[in-house]
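Report on one structure; see the data block that follows.
Each reported figure results from applying straightforward, stated rules to the coordinates on display, with no laboratory input. This one's a predicted model, so the numbers in the text were calculated from it and none came from an experiment. Counting neighbours? That spans all protein chains shown, and the Cβs are built from the backbone with ideal geometry, glycine included.
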Amino acid sequence: NSIGMKLRVIPSGRFTLGENDDAHKVTLTKSFMLGAYEVTQGQYERVMEVNPSHFKGATNPVEKVTWNDAIEFCRRLSELPAEKAAGNIYRLPTEAEWGFACRAGITTKYSFGDDESELGNYAWSLENSGDKTHPVGGRKPNSWGLHDMHGNVWEWCRDWYDEFSMGELTDPAGPATGAGRVIRGGGSSLAAEHCRSTSRIWSHPTDRFSNFG
């Protein structure tokens, strides 16, 4: 796009969201596009004219962004003249969209399989990161060409956080209200176990931490 973000087409499809007792089938009826990399500090600063990040670096993922900041970034990016001319509208992914894209068509613990010892090839986690973020795209992508879906920084999703609704769902958008927003994927300060495809936490929309991107 006009600020150098590379995007991948994610197909429609059906998958399992959650794990164990929370696992349920979800159908996404429409394809969508998702950034191949986490939003960088350079890209964020170009749109927002500030860089709140703790671990500075133009190609490092932007962090210390609140959910509200992420929403505003999407709004301002959509309003750039080149993006309006192209008809591009940006938003955060739903949790279901994020989970589907992360799994990339497989059902294992990670997007590359179940062998935790392979995580260092795909993610910056506590085991190899030096407890700091690293430039986006430095680890292998999943089979759909998406980098850093595990580790580096947690990624805000659009949904309010709640326990999963059971039963089969189609294009779920999450609960109507809640205390916190969903964050997925783990970060560079977290052990491998917390960077699984199903790892999820929540935080208040105004929270700002150095591992939230």
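Descriptive notes on the structure:
- Cleavage-rule hits, GluC sites (Glu not before Pro), region 4-68, DSSP coil, Cβ neighbours within 10 Å at most 16: 19, 49
- Estimated at 0.36 nm per residue, the fully extended path between residue 1 and residue 166 surpasses their Cα-Cα distance by 55.6 nm.
- For region 140-213 versus region 98-129, the gap between their alpha-carbon centres in whole angstrom: 14 Å
- Estimated [θ] at 222 nm from DSSP helical runs (n ≥ 4, -39500 (n - 2.57)) normalised by residues in the chain, nearest 500: -5000 deg cm²/dmol
- Kirkwood radius for region 110-213, taken over all pairs of different Cα atoms as the inverse mean of 1/r, rounds to 14.4 Å.
- Where labels lie 7 Å past Cα in the beta-carbon direction, separation of residue 117 and residue 88 in nm: 4.2 nm
- Charge dipole (debye, nearest 20) of the chain; +1 at Cβ of Lys and Arg, -1 at Cβ of Asp and Glu: 700 debye
- Gaussian network model of the chain, Cα within-10 Å springs - most flexible of 55, 100, 164: 164
- Prolate/oblate/rounded label for region 61-121 (Cα gyration tensor, a/c 1.5): prolate
- Taken over the chain, the percentage of Cα pairs per 5 Å bin, counting from 0 up to the bin with the maximum distance, is 1, 8, 16, 20, 21, 18, 11, 4, 1, 0.
- For region 49-165, the Rg and Dmax computed from alpha carbons only, in angstrom: 15.7, 46
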